[in-house]
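The values are calculated or read from the model by the stated rules, or taken from the named source; none is laboratory data. Computed from a prediction, not measured in an experiment: that's the story for all the values here. Positions of Cβ are backbone-derived with ideal geometry, glycine not excepted, and every protein chain shown enters the neighbour counts. Side chains included, ligands, DNA and RNA excluded: accessible areas come from the protein's heavy atoms. Shrake-Rupley method; radii C 1.70, N 1.55, O 1.52, S 1.80 Å.
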Amino acid sequence: MVIINGIECPTMVTINKAAELTGVSYSYIRSLCLTRQIVFVKTGCKYLINLEKFVAFLNGN
C-alpha cells in the first residue's frame, strides 16, 4: 500500500510489472483479468493490477 495525504492507496502495476515481480507469465495474468478472477482497472488499453490482492490470490487467500 502507498500512503498519499494520509490515505492508504493500493499498489497498481501493469501486467508486465506484475509478471516481473511475481514470476507469473504475462499471458496467465492477462487471462485472469479477462475472466475477472483478479482485481484490476482498465485504463485505455492498459490493465492495472492491484498488486496486494494479486499476491493474496496467488497465495490462495
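Of the residues making up segment 27-61, those that are closer than 26 Å to residue 3 by Cβ, in a loop (DSSP other than H, G, I, E, B) and of a type in the set (A, V, I, L, M, F, W, C) are 38, 39.
Looking at segment 10-26, can you tell me whether even one residue there is open to solvent by 50 Å² or more (accessible area, probe 1.4 Å), in a loop (DSSP other than H, G, I, E, B), in contact (Cβ under 8 Å) with a residue 24 or more places away in the chain and touching a helix residue (DSSP H, G or I) at 6+ places or on another chain (Cβ under 9 Å)? Yes. As a summary of the residue check, residue 32 satisfies the conditions (1) modelled with pLDDT under 95; (2) open to solvent by less than 100 Å² (accessible area, probe 1.4 Å); (3) not aromatic (Phe, Trp, Tyr) except for the one numbered (1).
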